[in-house]
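First comes the structure, then the notes that go with it.
The values are calculated or read from the model by the stated rules, or taken from the named source; none is laboratory data. Keep in mind that what you see is a predicted model, and the values were worked out from it rather than measured. Reconstructed Cβ throughout: ideal geometry from the backbone, glycine too, with neighbour counts over all protein chains shown. What goes into the accessible areas is simple: the full protein's heavy atoms, side chains included, and nothing from ligands, DNA or RNA. Shrake-Rupley method; radii C 1.70, N 1.55, O 1.52, S 1.80 Å.
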Amino acid sequence: SLYSDYNVDVGFAYNRKEAKDHGEGGVLVGASMVNKRILIVDDVITAGTAIRESFDMLKKINAVPVGVSIALDRAEKRSLDDPVSAVQAVARDLEIPVISIVSLPQLQSFLRKSPDYEDEVLASVSDYRKQYGV
């Protein structure tokens, strides 16, 4: 970790999704993000709605979102009207970089080479990509 290896203490917070009036209260739980540079972290982006909500919430408290990191880029179409992926749309619309740890094409490549998964798993992922992918 940054702290144990480099003695760098980095706070974090999460979006509770619903404001509470007890305990820590509010919507953001954790360290204060006011006036700080923020990396938004999420598991996946479907349409980008949660990322956009977090972005707007952070801007309201004068935080500076500097990028988004996601675990899996499903390379999914945002909508029929906007032919780019949700990841591409978020990067374009919010003007911040969006970096994924792994993409759906990389997952497909892994599944092709891996002896640990049945062919049906790759077929299912491939069918999903054909239907929803960019």
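For region 1-119, please list each of the helices (runs of 4 or more DSSP H) lying entirely inside it that holds at least 1 residues being over 22 Å from Lys130 (Cα atoms).
On the way: elements: 2-6, 49-60, 86-94, 104-113.
In region 1-119, 2-6, 49-60, 86-94 are the helices (runs of 4 or more DSSP H) which contain 1 or more residues that are over 22 Å from Lys130 (Cα atoms).
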### Task
Could you figure out which of (1) open to solvent by less than 30 Å² (accessible area, probe 1.4 Å); (2) farther than 17 Å from Ala50 by Cα; (3) touching a strand residue (DSSP E or B) at 6+ places or on another chain (Cβ under 9 Å); (4) modelled with pLDDT under 90 isn't true of Ala75?
(2)
#### Entry: When residues of region 82-132 are limited to those that are within 26 Å of Ile40 (Cα to Cα) and of a type in the set (D, E, K, R), the one least open to solvent (accessible area, probe 1.4 Å)
Asp82
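Quick check, is Asp56 within 15 Å of Ile96 (Cβ to Cβ), under 10 Å from the mean Cα position of the chain (by Cα) and of a type outside the set (Gly, Ala, Ser)?
Details: within 15 Å of Ile96 (Cβ to Cβ): yes; under 10 Å from the mean Cα position of the chain (by Cα): no; of a type outside the set (Gly, Ala, Ser): yes.
No, not satisfied.
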### Query
Since Gly48 meets every condition but one in (1) open to solvent by 40 Å² or more (accessible area, probe 1.4 Å); (2) on the phi > 0 side of the Ramachandran plot, which condition does it not meet?
(1)
